[in-house]
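Remarks on the structure that follows.
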Amino acid sequence: MTLYTAVVETILTYGSECWQMKEKSKRQLEVVEMDYLRRACRISKLEHIPNTEIRRKTGRIYNTVDTVESKQLLWYGHVMRMGDERWPKRAIQYVPWNKRRRGRPTLEWREGIRKIMEDRAIEEEEWTDRKRWRSKCGMRQKL
């Protein structure tokens, strides 16, 4: 599991702070993670052991999707605490002025963040207090 956390999960989640997490992306991350965990435990899919049992055996409470969502929330809080003149904050707050194309509107990164915040019962303006924000995002505080 140390190898997974140090190498595989790091590579899987590189740059994930800016991803639009669609259901397909979440499924793909879960598939890769469970494939690695099954191989690490030497358990074949033919043995019909559920994923929850494999997670329990490996001691993985949170999955990679939870890690990505925590990283996204941390990045959101970091950018929102920046000054208004900074480019990352300008990019997050940018609203295009031209008409959108026909069809279903694309999922915006901010909408995904709002959904994650709603799932974790985090208020919109809580990013102002850094320690409280980090504790709500699921990250441990350094002592």
| If the Cβ limit is 6 Å and pairs must be 6+ apart or interchain, which residue in region 101-125 that is in contact (Cβ under 8 Å) with a residue 12 or more places away in the chain pairs with which residue that is open to solvent by 70 Å² or more (accessible area, probe 1.4 Å) and in a helix (DSSP H, G or I)? | Ile122/Lys136
| request: Kindly indicate whether any position in region 89-109 is open to solvent by 50 Å² or more (accessible area, probe 1.4 Å) and in contact with a helix residue (DSSP H, G or I) (Cβ under 7 Å, 6 or more places away or on another chain). | output: no
| field | Residue in region 1-27 that is surrounded by the fewest Cβ atoms within 10 Å (Cβ to Cβ), counting only those that are outside any helix (DSSP H, G or I) and among the hydrophobic types (A, V, I, L, M, F, W, C) | value | Met1
| remark: Scanning region 1-40 residue by residue, those under 12 Å from Asn63 (Cβ atoms) and aliphatic (A, V, I, L, M) turn out to be Leu12, Leu29, Val31, Val32, Met34, Leu37
| task | For region 28-43, enumerate the residues that are open to solvent by less than 50 Å² (accessible area, probe 1.4 Å) and basic (Lys, Arg). | result | Arg38
| Which members of region 44-77 meet the condition of being over 15 Å from Glu30 (Cα atoms), open to solvent by 30 Å² or more (accessible area, probe 1.4 Å) and either within 15 Å of the chain's Cα centre (by Cα) or polar (S, T, N, Q) (or both)? | Ser44, Lys71, Leu74, Trp75
| field | Cβ-Cβ under 6 Å pairs, at least 6 apart or on other chains, region 74-93 side modelled with pLDDT of 90 or more, far side of a type in the set (A, V, I, L, M, F, W, C) and open to solvent by 30 Å² or more (accessible area, probe 1.4 Å) | value | Gly77/Trp127; Met80/Trp127
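The values are calculated or read from the model by the stated rules, or taken from the named source; none is laboratory data. Because the structure is a prediction, the values reported are computed rather than measured. Using ideal geometry, Cβ is built from the backbone for each residue, glycine included, and neighbour counts are taken over all protein chains shown. Ligands, DNA and RNA are stripped out before the accessible areas are found, and what is left, the full protein with its side chains, is counted by its heavy atoms. Shrake-Rupley method; radii C 1.70, N 1.55, O 1.52, S 1.80 Å.
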